[in-house]
Amino acid sequence: MQAINKVASGAALFIATGLAPPGFAQTATPLDDQRLDQLPQEDVRKDPLESDATTSDPVSIRAAADQGSTIRHIQFVGTEVPLIVARAAEDFVGQAASIENLRALTAAMSQAYGKSDIALFTVVIPDQDFSDGTVKIAVAEGYIESVVLTGEVEGRDLDLVRSYAEKLRQEQPLTRPKLERYLSLIRDLPGIDVKPKMQVGSRRGAVRLILELDYLRPTVSVSYNNRSTQLIEAGQVEANAKAYNLFRDGDQTQITGASSTNFKDLLYVSLSHSTPITSEGTRVRASVGHLETQPSGTLVKGTADTASLLITHPVIRSYRTNLNAAFGLDAVDSDSSAFGSVVATEKVRALRAALTGSKKSPERLISGRLTVSQGLNIFNATAAASQSDLKFRKANGLVALSQQVITDVIARVRLSGQWTEDPVPVTERFTVGGETLGRAFENGLISSDRGLGSSLELAFRPLSGDFGPSEIYGFVDYATGDVLARGRFTGASFDMASAGGGVRIGYSDKGMIGLEAARVIDKPYSSYSKKWRISVNWKLSLRP
């Protein structure tokens, strides 16, 4: 006789991917970073994908198996098992009841449970007589009997963490979607590093969830990019500071400052604060920004101010699939301010809604966003007569695919576009020229009412460890767009393309240096004379 005990958890706690591409918002000024239709694609948290956490030794053998018996029937005791688990067990009917086969049987059931919606489970083959060909398997689908918070918890407001944890404790048996959602929401809290693990509970199928919390200190990042626009010729430096939990757990406050290298052509500062408003991951963020520009070689000084309010909610939150909904209201007041290659004076207000999603596996990451915007003629909205429609409607979309082709080689494909039937204000246009689309051109060289852009990048990552993010890459991109008729202007179309390559040297998440050479393949207009662009950028992240 023998006993084999297999206890497994569907909670995946430690395995992560490394396919996330750089953000790919195409912006002409720092103001765009506050708008829902221009926000960089958020990095998908490096959530675990497969289970490697167990609550006890996976296999224990306490007696000899019955080598002379054949498995003719399998009986599940304790609970009904999912169909996928039952089918995995049926594959062993007709095989000998040897210790190797019984061990393989529990392993197959464990693997099948890992593909089901049950998060925690216990599979036990107790001592029994196999002479009649029946194998009895005791199955318990598990639950969390208690949650213990450890680490940096003294004097902390842990109401939100406890609220998420309580939702895990309430469900019996615990399903995988619920486990992944609320563990992920806990890990998503800004400024908190969470290390979860599980321990065997006091009852059969019960486990204790241990959450070790580490509160992060404020972070500061400094970056430089020599890229420029046709109007702002100097490169740009930027500093960004984030503080966490200033008022309560889950808060994030961010201050950003940017300037042209001569501290004259461009100056920008913004302040934003976000906070959770429900125990389901819903957050609200308010932000304000101020921009000053003076195009190189001119006396034209311009200003722009922006304010925005954004609400986000995770509709689906899991380790592999995510879907977020967002609603935003924003306003821009500009007075002779330089946006890319255009100087504009206008007051624009817009209401926006967006869906952002991602799906990932160890070899692939697909992400995208769809945003619809409605211009509002409120709060003294103005634009140049006959030049744009203050009540514009438009849709923006972007899709990105990162695929591991072979070991250390990643292919990245990006598509982005904007569609409208209205002549939109300058700050609402689809811009081409920048770090992600039209790399051989100045930032925001061309802006159009509607347009479409695509890029393909092939990257080779030869290093591992802290220098794992480093890569050598080549790329090609293409964009086309239409400027709609307005006033006496009858409209125009353009297309442009570039190709090149470069190197990014990254050290963990602490720093990155980039060098890129890009060549113009297709000029947007005949008089455009530049052929090559050499781009240099670096970023350093610090934690005081």
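The values are calculated or read from the model by the stated rules, or taken from the named source; none is laboratory data. Predicted, not measured: the structure shown is a model, and the values here were computed from it. With ideal geometry, Cβ positions are generated from the backbone for all residues, glycine too; neighbour counts draw on all protein chains shown.
Tell me the residue from Gly302, Gly368 that is among the small types (Gly, Ala, Ser), crowded, with 18+ Cβ neighbours inside 10 Å and touching a Gly at 6+ places or on another chain (Cβ under 9 Å), please.
Checking each option against the conditions leaves just Gly368.
All but one of (1) surrounded by fewer than 22 Cβ atoms within 10 Å (Cβ to Cβ); (2) farther than 17 Å from Asn396 by Cα hold for Ser454; which doesn't?
So Ser454 meets the others, but not (2).
Here's the yes/no breakdown for (1) loosely packed, with under 15 Cβ neighbours inside 10 Å; (2) under 30 Å from Ser341 (Cα atoms); (3) in contact with a Cys (Cβ under 7 Å, 6 or more places away or on another chain); (4) small (Gly, Ala, Ser):
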{"site": "Arg156", "(1), (2), (3), (4)": "no, no, no, no"}
{"site": "Ala165", "(1), (2), (3), (4)": "no, no, no, yes"}
{"site": "Leu168", "(1), (2), (3), (4)": "no, no, no, no"}
{"site": "Gln172", "(1), (2), (3), (4)": "yes, no, no, no"}
{"site": "Leu183", "(1), (2), (3), (4)": "no, no, no, no"}
{"site": "Val194", "(1), (2), (3), (4)": "no, no, no, no"}
{"site": "Arg208", "(1), (2), (3), (4)": "no, no, no, no"}
{"site": "Arg227", "(1), (2), (3), (4)": "no, yes, no, no"}
{"site": "Gln236", "(1), (2), (3), (4)": "no, yes, no, no"}
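Taking Ala459 as the residue in question, decide whether it is farther than 22 Å from Asn396 by Cα and more than 24 Å from the chain's Cα centre (by Cα).
No; evaluated as a whole, the condition is false for this residue.
For region 181-203, name all the residues that are in contact with a Ser or Thr (Cβ under 7 Å, 6 or more places away or on another chain) and modelled with pLDDT under 90.
Met198, Gln199, Val200
Name the residues in region 202-221 that are in a strand (DSSP E or B) and either over 21 Å from Ile186 (Cα atoms) or not aromatic (Phe, Trp, Tyr) (or both), would you?
Across region 202-221, the qualifying residues are Ala206, Val207, Arg208, Leu209, Ile210, Leu211, Glu212, Leu213, Asp214, Thr219, Val220, Ser221.
Can you confirm whether Ala241 is without any contact (Cβ under 8 Å) to a residue 24 or more places away in the chain, among the small types (Gly, Ala, Ser) and over 30 Å from Leu299 (Cβ atoms)? Reasoning before the result, please.
Values: without any contact (Cβ under 8 Å) to a residue 24 or more places away in the chain: yes; among the small types (Gly, Ala, Ser): yes; over 30 Å from Leu299 (Cβ atoms): yes.
The answer is yes for Ala241.
Can you tell me which residue is surrounded by the fewest Cβ atoms within 10 Å (Cβ to Cβ) among those in region 346-365 that are touching a residue at least 40 places away in the same chain (Cβ under 8 Å) and more than 28 Å from the chain's Cα centre (by Cα)?
Among those that are touching a residue at least 40 places away in the same chain (Cβ under 8 Å) and more than 28 Å from the chain's Cα centre (by Cα), it is Glu346.
Out of Ser308, Ser279, report the one residue that is touching a residue at least 12 places away in the same chain (Cβ under 8 Å) and either more than 30 Å from Ser361 (Cα to Cα) or buried (at least 17 other Cβ atoms within 10 Å of the Cβ) (or both).
Result: Ser308 is the single residue among Ser308, Ser279 that is touching a residue at least 12 places away in the same chain (Cβ under 8 Å) and either more than 30 Å from Ser361 (Cα to Cα) or buried (at least 17 other Cβ atoms within 10 Å of the Cβ) (or both).
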